[in-house]
Amino acid sequence: MKRLANTGHLDPVPVAPALQEPAMYAIDQTTLPHATLPGIDHVTLAGSDHGLEQLSVWRQRLDVGAATPPHRHDCEEVVLCEAGEGELHIEDRVVPFRAGTTVTIPRNEPHQIFSTGTVPLEIVAVFSATPVEAFLPDGTRIELPWRS
């Protein structure tokens, strides 16, 4: 950007139209579709359907006692715990976490998340890819009932 003469204001740099689409800058979360797995309610907050090319954001609610299947992703994952308590099973370890905790999961690391508290586990997961694919630890692709 360059400064406009005698104003001190910045002159916006024009952006080519091809770079502006299909951006969605504000997404109404109340209108997004939900999908389920046993004990898990899922909504994709942002991903390839929203114009992103390298990032996906999911919100999930796991019922008390529910768990994700053991799986891995071909990308990094960050999980933000918003409510409840859980366990991350990874590398033959059990890592407890609760509301206010950030969990990091390396690319291709088999893991499983359990809801272990007395209230449902509510998490937001951020992935360094879109769409996000999930695989069983043996490499078999998991058909997810949602798009990312």
(message) If DNA, RNA and ligands are ignored and the probe is 1.4 Å, what is the ranking of His42, His34 by accessible area, most exposed first?
(response) His34, His42
(request) At 1.4 Å probe size, with every protein chain present, just tell me what the per residue accessible area of segment 20-148 comes to in Å². (result) 56
(message) Is the C-alpha gyration tensor of segment 25-148 telling us rounded, prolate or oblate? Criteria: a/c under 1.5 is rounded; beyond that, a/b larger than b/c is prolate, otherwise oblate.
(response) oblate
(request) List every residue whose amide H lies under 5 Å from the amide H of Arg98, counting only residues 5 or more places away in sequence or on a different chain, with H placed 1.01 Å from N in the peptide plane. (result) Gly86
(message) As a test question: what accessible area, to the nearest 10 Å², does Glu82 have when a 1.4 Å probe is rolled over all protein chains in place?
(response) 100
(request) Compute the Kirkwood hydrodynamic radius of segment 28-68, taking the inverse of the mean of 1/r over all pairs of distinct Cα atoms, and give it in Å to one decimal. (result) 11.2
(message) Net charge within 14 Å of Glu109 by Cβ-Cβ distance, Lys/Arg positive one each and Asp/Glu negative one each, not counting Glu109 itself?
(response) -2
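The values are calculated or read from the model by the stated rules, or taken from the named source; none is laboratory data. Model, not experiment: these values are computed from the prediction. All Cβ positions, even for glycine, are placed from backbone atoms using ideal geometry, and neighbour counts span all protein chains on display. Just the protein is used for accessible areas: all its heavy atoms, side chains included, with ligands, DNA and RNA removed. Shrake-Rupley method; radii C 1.70, N 1.55, O 1.52, S 1.80 Å.
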